[in-house]
Amino acid sequence: MLAELGIDDLTYVGVAKGPDRNAGRETFYHPDGREFTLPPNNAVLFYIQRLRDEAHRFAIGAHRQKRAKAMGTSPLDEVPGIGPARKKALLMHFGTARAVRGASLEDLRKAPGVSAAVAQAVHDFYHSGR
């Protein structure tokens, strides 16, 4: 990636805790395969551990946010004219978005809070050969 960006004057290493996951005994890897370690009480080692831990904290937090957002989405969000209230009404009536998708036009019309026009829009969205 650095070569693609034209960055060739940067020295970097990879860091791993190793098979025993023992913090303080990290191994550092050069791109050419050479390895080295730092003494357990080395200030640079502590700094690198904090950088790694912060990067992990950030990545885990971003993953959790993405997962939480995905849990609140539904295929019904793509249907034009379906807002949160109608989405909830359809899900309460049919149980799942898959059941809404497979419902007949007549069944959609029977759902509470769904007008004939909305039922037609939902039916057309799922059955128009998209």
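Scanning region 90-123 for residues being under 19 Å from M71 (Cβ atoms), of a type outside the set (A, V, I, L, M) and exposed (fewer than 12 other Cβ atoms within 10 Å of the Cβ) gives a total of 2. Screening A62 with (1) exposed (fewer than 11 other Cβ atoms within 10 Å of the Cβ); (2) in contact (Cβ under 8 Å) with a residue 24 or more places away in the chain; (3) not acidic (D, E) gives one miss only, at (2). Just need a number here: residues in region 30-42 that are without any contact (Cβ under 8 Å) to a residue 12 or more places away in the chain and within 23 Å of M1 (Cα to Cα). Residues in region 30-42 being without any contact (Cβ under 8 Å) to a residue 12 or more places away in the chain and within 23 Å of M1 (Cα to Cα): 4 in total. For region 93-116, the tally of residues that are in a helix (DSSP H, G or I) and modelled with pLDDT under 90 stands at 1.
One line per residue, one yes/no per condition, for (1) under 30 Å from S128 (Cα atoms); (2) without any contact (Cβ under 8 Å) to a residue 24 or more places away in the chain:
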position: L2; (1), (2): no, yes
position: N22; (1), (2): no, yes
position: F28; (1), (2): no, yes
position: V44; (1), (2): no, yes
position: D53; (1), (2): no, yes
position: A70; (1), (2): yes, yes
position: P80; (1), (2): yes, no
position: P84; (1), (2): yes, yes
position: L108; (1), (2): yes, yes
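Scanning region 1-58 for residues that are over 32 Å from the mean Cα position of the chain (by Cα), surrounded by 10 or more Cβ atoms within 10 Å (Cβ to Cβ) and either of a type in the set (D, E) or part of a helix (DSSP H, G or I) (or both) yields a single hit, E35. Of everything in region 65-92 that's within 17 Å of the chain's Cα centre (by Cα) and part of a helix (DSSP H, G or I), which residue is nearest to R109 (Cα to Cα)? In this case the residue turns out to be P75. Residues in region 1-36 that are touching a Leu at 6+ places or on another chain (Cβ under 8 Å) and among the aromatic types (F, W, Y): 2 in all.
The values are calculated or read from the model by the stated rules, or taken from the named source; none is laboratory data. Model, not experiment: these values are computed from the prediction. Virtual Cβ from ideal backbone geometry, glycine too; neighbours counted across all protein chains shown.
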